[in-house]
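Engineer: Sharing a structure here in structure tokens format.
The values are calculated or read from the model by the stated rules, or taken from the named source; none is laboratory data. Just so it is clear, the structure is predicted and the values come from calculations on it, not from any experiment. In this analysis, Cβ positions are derived from the backbone assuming ideal geometry, glycine residues included, and neighbour counts consider all displayed protein chains. Side chains are part of the model used for accessible areas, which takes the heavy atoms of the whole protein and leaves out ligands, DNA and RNA. Shrake-Rupley method; radii C 1.70, N 1.55, O 1.52, S 1.80 Å.
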Amino acid sequence: MNSCSRNTADTVIVIDFETTGLSPDHGDRAIEIGAVRIENGRITDRFQQLMNPGRRINPFIEDYTGITNAMVADAPRFAEIAGDLKDRLSGKLLVAHNARFDYGFLKSEFRREAIDFNEKTLCTVKLSRSLYPGQKRHNLDTIISRHGLKVENR
């Protein structure tokens, strides 16, 4: 990550979303965002927020994410955090594992609030495939293992 951030931008924000399903175009909504701001190779800010999706989370998603309906019942809706989130993310390179998924949900949530949002992204899946074309797997666990990264809490 450090060499990527130095080569592509002074400040990047690594994002991850948990959602009610796989498609924002079919009514699925974001239920959690996590973001880590990295400036010149150092973590300078962390942001995590549960969000009330305005609909029930099905049991499969509850089991998969560990996020329950009870946990999001009193959480703010995306509309309540949209302004702050846009301020945090605007003008930064957004990095995500499978960025198409996370950025798609992010754009969809902003679109619902009539907020224009367009930022550059870097997908770690695509980056891994480009840097390691001979490797068969490019999932997050494989990348973590390949680089000997120490992960305390995913």
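Engineer: Apply 1/(1 + (r/R0)^6) to the Cβ-Cβ distance of GLU39 and ALA114, taking R0 = 35 Å, and write down the FRET efficiency to the nearest 0.05.
Structural biologist: That pair, GLU39 with ALA114, gives E of 0.70.
Engineer: If you don't mind, there's one more thing I want to ask. Which translational diffusion coefficient, to the nearest whole µm²/s, is obtained for the range 69-113 from the Stokes-Einstein equation, given a Kirkwood hydrodynamic radius over C-alpha pairs, 10 °C and 1.306 mPa s?
Structural biologist: Once the numbers are plugged in, D ends up at 134 µm²/s.
Engineer: Just going by the charge dipole of the chain, with Lys and Arg at +1 and Asp and Glu at -1 on Cβ, which of LEU94, PRO76, ILE61 is farthest out on the positive end?
Structural biologist: LEU94
Engineer: Report the extension gain between PHE60 and GLU80 in nm, rounded to one decimal, defined as 0.36 nm multiplied by the number of residues separating them, less their alpha carbon distance.
Structural biologist: In short, 4.5 nm is gained.
Engineer: Another question, if that's okay. With a Cα-only, solvent-free Debye model of the chain, what are the log10 I(q)/I(0) values at q = 0.10, 0.13, 0.18 Å⁻¹?
Structural biologist: The Debye formula, applied to the Cα set alone, gives -0.37, -0.64, -1.19.
Engineer: May I pose another question? What FRET efficiency comes out for the pair SER130/THR11, r = Cβ-Cβ distance, R0 = 35 Å, nearest 0.05?
Structural biologist: After rounding, the FRET efficiency stands at 0.95.
Engineer: Same structure again: Determine the gain in length on full extension of the stretch ASP141-PHE47; use 0.36 nm per residue of separation and subtract their C-alpha separation, reporting nm with one decimal.
Structural biologist: Contour length minus Cα-Cα distance gives 31.6 nm.
Engineer: A further question follows. Counting helices only, and only those DSSP H runs with n ≥ 4, report the 222 nm mean residue ellipticity of the chain as the sum of -39,500 (n - 2.57) divided by its residues, in deg cm²/dmol to the nearest 500.
Structural biologist: Result for the chain, helices only: -10500 deg cm²/dmol.
Engineer: What accessible area per residue, rounded to a whole number of Å², is obtained for the chain using a probe radius of 1.4 Å?
Structural biologist: I get 62 Å² per residue for this part.
Engineer: So for each of 48-57, 116-125, 100-109 I average, over its residues, the number of other beta carbons within 10 Å; can you give me the resulting order with the highest mean first?
Structural biologist: Descending mean neighbour count gives 100-109, 48-57, 116-125.
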